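Participant: Once you've had a glance at the structure underneath, I'll fire off some questions.
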Amino acid sequence: MDFLKTFGIKANNDGVSTGLTWLKSKGEKINSFSPVDGKLIASVSGADAKTYDAVIKKAQAAFTEWRNWPAPKRGEVVRQVGDALRINKQELGQLVSYEMGKSLQEGLGEVQEMIDICDFAVGLSRQLHGLTMHSERPGHRMYEQYHPLGIAGVISAFNFPVAVWSWNAALAWVCGDTCVWKPSEKTPLCAIACQHIIQAVFKKNNVPEGVSNIIVGGRQVGEWMSNDTRIPLISATGSTRMGKAVGAAVGERLGRSLLELGGNNAIIITDNADLDMALIGATFGAVGTAGQRCTSTRRLIIHEKIYNKFKEKLVQAYGQLKIGNPLNEKNHVGPVIDKDAVKMYLDAIEKCKAAGGKFIVEGAVLKGKGFESGCYIKPCVAEAKNSFAIVQHETFAPILYLMKYKTMDEAIALQNGVPQGLS
């Protein structure tokens with residue numbers, strides 16, 4: 001576990017930071033267990049009301065200075081953050097894989113997304129243009145100018161423990177905003193690692209303390225942020241239920257929210273599709289990240305002419321999946337995040353069977369050597385009807401539902417989730 005040492009992660013860690021400074025708090029102790037082997041990785045001290053308030057005040061103070069830095073200079077800092085991520089890509093990717101459970105390839109890919117957004121933000125730092133317009137007043141012109149909002153609050157989910165933060169932070173920073181990040185309490189160590197990575201960059205460039213902040217904690221911290229009028233923008237990623245609560249709280253105070261929530265995504269496979277290409281896309285879409293993505297493929301809507309042929313291909317493909325330790329690059333599927341996710345998976349399977357669904361690839365919880373954490377499950381496939389309540393529901397697990405269609409109108413109705421009882 002050398003990657004833990006790389007980021008200064010100890011057995012017990014502070015979970016509240018304003019940049020270079022880590023604050024001592026008396027909040028909830030959060031234990032991070034790896035779904036890979038079930039072992040306790042480390043513990044983190046969550047925020048209490050006092051440290052939360054201290055962070056927000058520091059972020060406010062930093063904003064008054066940071067917003068006056070020239071945008072290209074802010075972009076230069078973000079460019080250096082991207083370079084620091086390049087240096088630490090392997091170790092951070094390993095940490096993501098070990099703490100969250102996604103395959104190492106996906107963990108490395110997530111860090112690459114962080115690098116890419118930094119590159120994108122650097123370009124934007126020299127393109128914060130505004131229009132100039134003719135005025136009806138002689139000898140005058142009008143112009144528009146963009147101003148930063150202030151503090152951008154980021155609430156991220158466990159399934160993308162680092163990328164989602166970077167998508168928000170890199171863009172907010174070049175625009176002159178400061179960031180307060182509440183990571184998922186299921187993956188707090190990834191956030192601590194990110195803060196350690198950027199610390200050297202910020203110190204080298206004399207970035208004001210409070211431009212990058214993290215507040216580890218549970219639901220209460222998210223509620224504090226959502227109701228805090230000092231945070232004009234909340235960007236939240238998670239379940240639809242969470243999004244409704246955040247959106248309502250932020251809207252109540254006339255704040256702004258960016259919500260990236262759940263999905264119940266479908267792929268339509270036509271009778272003239274390239275079946276081999278469709279097979280690759282559908283399989284990875286369904287089993288990647290063990291089905292724990294808002295973009296996971298959950299429904300396949302297949303033309304009746306090629307339904308049986310594609311079904312056979314799919315069963316063969318699922319039979320070749322290798323499930324196991326995600327840090328082993330030979331494995332395709334790692335564990336789900338925790339035992340609650342396993343229960344949700346099993347409940348969904350039972351509901352599908354009770355409604356009349358037929359599983360052509362059976363699901364199961366894997367046991368034995370290498371599966372001691374109890375979080376390894378088999379991706380499964382069921383023939384189902386669109387009218388099943390469970391088909392209309394997003395289950396955050398690798399369960400794929402197959403449906404047959406005759407006409408494109410029928411396929412589109414199925415894709416849109418119209419519960420017409422079509423088979």
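Participant: What pairs come up if the first residue lies in region 320-331 and is farther than 17 Å from GLN90 by Cα and touching a residue at least 24 places away in the same chain (Cβ under 8 Å), the second is surrounded by fewer than 17 Cβ atoms within 10 Å (Cβ to Cβ) and of a type in the set (A, V, I, L, M, F, W, C), and their beta carbons are under 8 Å apart, counting only those six or more places apart or on different chains?
Facilitator: Close Cβ pairs (under 8 Å, with a partner that is surrounded by fewer than 17 Cβ atoms within 10 Å (Cβ to Cβ) and of a type in the set (A, V, I, L, M, F, W, C)) amount to ILE323/LEU366.
Participant: Just for helices (runs of 4 or more DSSP H) wholly inside region 18-128: which have at least 3 residues that are small (Gly, Ala, Ser), at pLDDT 95 or above and touching a helix residue (DSSP H, G or I) at 6+ places or on another chain (Cβ under 7 Å)?
Facilitator: Values: elements: 49-66, 71-87, 89-100, 104-124.
Fully inside region 18-128 and qualifying: 71-87.
Participant: Please list, ordered by first then second residue, the pairs with beta carbon atoms under 8 Å, 6 or more apart or interchain, first in region 70-85 and within 10 Å of VAL122 (Cβ to Cβ), second outside any helix (DSSP H, G or I) and not small (Gly, Ala, Ser).
Facilitator: Short answer, once both residue conditions are applied: PRO72/ARG126; GLY75/ARG126; GLU76/ASN205; VAL77/ASN205; VAL77/VAL207; GLN80/ASN205.
Participant: Might you let me know whether region 390-405 holds any residue that is modelled with pLDDT under 95, out of contact with any helix residue (DSSP H, G or I) (no Cβ under 7 Å at 6 or more places or on another chain) and surrounded by fewer than 16 Cβ atoms within 10 Å (Cβ to Cβ)?
Facilitator: So far as region 390-405 goes, yes, one or more of its residues are modelled with pLDDT under 95, out of contact with any helix residue (DSSP H, G or I) (no Cβ under 7 Å at 6 or more places or on another chain) and surrounded by fewer than 16 Cβ atoms within 10 Å (Cβ to Cβ).
Participant: Looking at region 318-377, which of the residues that are open to solvent by less than 40 Å² (accessible area, probe 1.4 Å) and in a helix (DSSP H, G or I) is nearest to PRO161 (Cα to Cα)?
Facilitator: ALA341
Participant: Taking ALA278, is it in contact with a helix residue (DSSP H, G or I) (Cβ under 8 Å, 6 or more places away or on another chain), small (Gly, Ala, Ser) and under 23 Å from GLU106 (Cβ atoms)?
Facilitator: In short, yes.
Participant: Residue by residue through region 1-17, note down the ones that are among the polar types (S, T, N, Q) and modelled with pLDDT of 95 or more. Steps first, answer last, please.
Facilitator: Here is the first cut: in region 1-17, the residues among the polar types (S, T, N, Q) are 6, 12-13, 17.
Across region 1-17, the qualifying residues are ASN12, ASN13, SER17.
Participant: Let me ask something else. Filter region 280-305 for residues that are modelled with pLDDT of 95 or more and open to solvent by 30 Å² or more (accessible area, probe 1.4 Å); which is farthest from the chain's Cα centre (by Cα)?
Facilitator: So the residue we want is LYS305.
Participant: Just checking, how many residues over region 129-160 are in a loop (DSSP other than H, G, I, E, B) and of a type outside the set (Lys, Arg)?
Facilitator: Here is the first cut: in region 129-160, the residues in a loop (DSSP other than H, G, I, E, B) are 129-131, 135-140, 144-150, 156-160.
Now narrow it down to the ones that are of a type outside the set (Lys, Arg): 129-131, 135-136, 138-140, 144-150, 156-160.
Within region 129-160, residues that are in a loop (DSSP other than H, G, I, E, B) and of a type outside the set (Lys, Arg) number 20.
Participant: Within region 93-110, which residues are in contact with a Gly (Cβ under 8 Å, 6 or more places away or on another chain) and closer than 23 Å to GLY153 by Cβ?
Facilitator: Listed by number, the residues that qualify are VAL96, MET100, GLU110.
Participant: Within region 214-235, is even one residue closer than 15 Å to VAL81 by Cβ and either in contact with a Phe, Trp or Tyr (Cβ under 6 Å, 6 or more places away or on another chain) or in contact (Cβ under 8 Å) with a residue 40 or more places away in the chain (or both)?
Facilitator: For region 214-235, residues closer than 15 Å to VAL81 by Cβ and either in contact with a Phe, Trp or Tyr (Cβ under 6 Å, 6 or more places away or on another chain) or in contact (Cβ under 8 Å) with a residue 40 or more places away in the chain (or both): present.
Participant: I need the full set of residues from region 1-20 which are open to solvent by 60 Å² or more (accessible area, probe 1.4 Å) and either of a type in the set (S, T, N, Q) or touching a residue at least 24 places away in the same chain (Cβ under 8 Å) (or both), in order please.
Facilitator: Answer for region 1-20, where residues must be open to solvent by 60 Å² or more (accessible area, probe 1.4 Å) and either of a type in the set (S, T, N, Q) or touching a residue at least 24 places away in the same chain (Cβ under 8 Å) (or both): MET1, ASP2, THR6, LYS10, ALA11, ASN12, LEU20.
The values are calculated or read from the model by the stated rules, or taken from the named source; none is laboratory data. What you see is a predicted model; the values in this text were computed from it and never measured. A quick note on method: Cβ atoms are made from the backbone with ideal geometry, for glycine too, and the neighbour counts reach across all protein chains shown. All accessible areas refer to the heavy atoms of the entire protein, side chains included, with ligands and DNA or RNA removed. Shrake-Rupley method; radii C 1.70, N 1.55, O 1.52, S 1.80 Å.
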